[in-house]
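Student: Structure provided below as structure tokens; questions to follow.
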Amino acid sequence: MTDTMRGVFLPGNSTVEIHEYPIPVPGHGQLLLKMGASGICGSDIGYIYHGYKTHKGLDGAPAYKGVIAGHEPCGQVVEAGPGVTRFGEGDRVLVYHIVGCGRCTNCRAGNFISCSDSAHRAAYGWQRDGGHADYVLVEESTCIPLPEPLTFADGALIACGFGTAYEGMRRTGVKGSDDLLVVGLGPVGMAAAMIGRTLGARRVIGVERGAERIDFVKATGLVDDIVLADEHAADSVLELTNGQGCSVAVDCSGSTPGRSTALEGAAEWGRVSLLGEGGRLETEVSDTMLHKQLTLFSSWVTSLQGMEDLTWMLCEAGMHPEAVISHRLPLSRAAEAFELAATGAAGKVVLVPED
Ligand SMILES: [Zn+2]
Ligand SMILES: [Zn+2]
């Protein structure tokens with residue numbers, strides 16, 4: 001092993017630079033992972049790659065600290081630091097993408113995403129070095145074992161997008177008697193469809209506007225019907241369900257019309273989960289929500305335990321999140337990978353080691 005490695009640096013002007021970094025040495029409670037796969041997330045694109053805006057207004061300053069990018073790491077332990085007890089060399093792990101202080105109320109419940117201690121809260125790829133590199137230094141506390149049939153690519157997908165989808169689906173209590181409506185069939189929407197199926201949903205209806213994406217999702221077999229995301233989308237959903245709508249609906253589009261479609265396509269007593277980031281929720285309230293007795297959920301990512309539960313659930317169900325990947329590119333082609341992800345690749349874009 002040489003002492004330097006490659007890592008992806010994002011200057012914020014829609015360009016990608018690959019820099020050389022020293023290979024980190026694990027300290028107490030830390031592990032050095034050799035990258036197995038590292039997902040490019042929608043949140044990396046707008047906030048960091050394009051540099052459009054700051055994230056969550058953390059201290060009012062840009063939250064991306066110029067570290068190595070990538071918050072969906074999955075890999076194999078090559079070195080364990082002192083005090084590490086749960087993992088050792090050769091273990092395959094996926095990584096919960098945020099390190100918390102470990103002491104605040106949210107951290108103690110495993111919700112590192114909502115850690116209230118901004119001095120200690122650090123997301124991989126945002127405030128500390130992330131997974132778009134040959135190696136990544138991670139905290140043992142954020143690692144989850146990757147069980148055998150699951151691949152590194154499966155693990156990288158669970159590390160953010162599938163965890164996010166799982167939390168939204170879990171809140172709705174989706175089960176075998178439910179019809180599931182998924183609005184927006186990007187990587188998180190496809191994850192919601194796969195998880196909904198795994199949790200038992202008897203039918204999955206998707207709503208999507210991109211023709212290429214519709215073809216891609218059809219080929220995965222994750223949804224039973226796809227409705228075009230136009231102004232008639234909710235009517236089309238009602239037609240497909242004998243005028244009833246779906247008992248569970250999830251918005252993964254993050255768009256105002258997409259959220260309306262989820263609410264309007266939900267059945268009486270339906271449960272609706274909002275997952276898509278950004279924008280606004282604008283809806284007629286009485287007929288669309290109150291008179292239908294809807295329950296509305298909103299969530300952000302999942303907990304550490306939620307991610308571990310999801311990993312085992314997918315493993316035992318024989319599901320492979322990598323089914324939603326449309327492009328795998330080696331780290332040396334990171335610029336191309338980001339461009340693909342930014343221009344609306346049909347599915348998920350993942351960085352992998354060189355051939
Ligand atoms: Zn993400
Ligand atoms: Zn905390």
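The values are calculated or read from the model by the stated rules, or taken from the named source; none is laboratory data. These figures come from a predicted structure and were not determined experimentally. So basically every Cβ, Gly included, is an ideal-geometry build from the backbone, and we count neighbours across all protein chains shown. The protein model used for the area step is the full one, side chains on, heavy atoms only, and it has no ligands, DNA or RNA in it. Shrake-Rupley method; radii C 1.70, N 1.55, O 1.52, S 1.80 Å.
Student: Cut-off 10 angstrom, C-alpha nodes, Gaussian network model of the chain. Which of Leu32, Leu310, Leu238 fluctuates the most?
Tutor: Leu238
Student: Next up: Probe radius 1.4 Å, ligands and nucleic acids left out: which of His291, His320 has the largest accessible area, and how do the rest follow?
Tutor: Details: His291 115, His320 65 Å².
Listed by decreasing accessible area, they come as His291, His320.
Student: Now for a different question. What helices does the chain have that are whole DSSP H segments, at least 20 Å long along their own axis by Cα, and with mean Kyte-Doolittle hydropathy of 0.0 or more?
Tutor: Within the chain not a single helix satisfies the rule.
Student: Is the chain rounded, prolate or oblate when judged by the Cα gyration tensor, a ≥ b ≥ c being the square roots of its eigenvalues, rounded requiring a/c under 1.5 and prolate requiring a/b larger than b/c? Could you put the intermediate results ahead of the total?
Tutor: Working: a/c = 1.77, a/b = 1.70, b/c = 1.04.
It is prolate, given that a/c is not under 1.5 and a/b is the larger ratio.
Student: Next question. Provide the net charge surrounding Lys175, with neighbours chosen by a C-beta distance below 14 Å and charges set as Lys +1, Arg +1, Asp -1, Glu -1. Could the numbers behind the result be given before it?
Tutor: Values: positive: Arg170, Arg171, Arg197, Arg202, Arg203, Arg271; negative: Asp178, Asp179.
Surrounding charge for Lys175 is +4.
Student: Rg to Rh ratio, region 1-133, alpha-carbon atoms and Kirkwood radius? Can you show the working numbers first?
Tutor: Details: Rg = 15.1 Å, Rh = 15.6 Å.
Ratio of gyration radius to Kirkwood radius: 0.97.
Student: Something else now. Cβ under 15 Å from Gln30's Cβ, Gln30 left aside: what net charge do those residues give with Lys, Arg +1 and Asp, Glu -1?
Tutor: Computed value for this residue: -3.
Student: Measuring with a 1.4 Å probe in the full set of protein chains, what accessible area per residue, in whole Å², belongs to the chain? If you can, show how the numbers build up before the last one.
Tutor: Numbers: 14660 Å² over 355 residues.
Heavy-atom accessible area per residue stands at 41 Å².
Student: If you don't mind, another one. Assuming R0 = 51 Å, what is the FRET efficiency of Thr2 and Ser298, from their Cβ-Cβ distance, to the nearest 0.05? Don't skip to the answer; put the middle values down first.
Tutor: On the way: r = 46 Å, r/R0 = 0.91.
The value I calculate is 0.65.
Student: Give me the one-decimal nm value for the distance between modelled label points at Arg202 and His19, 7 Å along each residue's Cα-to-Cβ direction.
Tutor: Placing both labels 7 Å beyond Cα along the Cβ direction yields 5.6 nm.
Student: Counting alpha carbon pairs within less than 8 Å and at least 6 residues apart, what relative contact order, in whole percent, applies to region 164-239?
Tutor: Details: 117 pairs, mean separation 21.3, N = 76.
Contact order relative to length: 28 percent.
Student: So, one more: What accessible area, in Å² to the nearest ten, does a 1.4 Å probe give for Cys160?
Tutor: We get 10 Å² for Cys160.
Student: Once you've got the GNM for the chain with C-alpha springs shorter than 10 Å, pick whichever of Ala122, Ala156, Ala317 has the biggest mean-square fluctuation.
Tutor: Ala317
Student: Could you compute the longest span of the chain free of trypsin sites (Lys or Arg not before Pro) located in DSSP loops and having at most 15 other Cβ atoms within 10 Å, not counting the site residues? Walk me through the numbers before you get to the answer.
Tutor: Details: sites that count: Lys53, Lys56, Lys65, Arg86, Arg103, Lys175, Arg202, Arg280.
By the stated rule (loop sites, at most 15 other Cβ atoms within 10 Å), 203-279.
Student: Give the accessible area for Trp300 in Å² (nearest 10); use a 1.4 Å probe, count only protein heavy atoms, and leave out ligands, DNA and RNA.
Tutor: 100
Student: Of the heavy-atom accessible surface of the chain (probe 1.4 angstrom), what whole percent is carbon and sulfur?
Tutor: Details: 7260 of 14660 Å².
C and S fraction of accessible area: 50 percent.
Student: Measuring from centroid to centroid over Cα atoms, what is the spacing of region 132-192 and region 1-53 in Å?
Tutor: For region 132-192 versus region 1-53, the Cα centre distance is 20 Å.
Student: By the scheme Lys and Arg +1, Asp and Glu -1, what is the net charge of all other residues having a beta-carbon under 15 Å from that of Asp224? Write down the numbers at each step before the final one.
Tutor: Details: positive: Arg197, Arg202, Arg203, Lys218; negative: Asp178, Asp179, Glu208, Asp225, Glu239.
It works out to a net charge of -1.
Student: Under a 10 Å cutoff between Cα atoms, tell me which one of Glu282, Glu17, Glu139 has the largest fluctuation in the Gaussian network model of the chain.
Tutor: Of the options given, Glu282 has the highest mean-square fluctuation.
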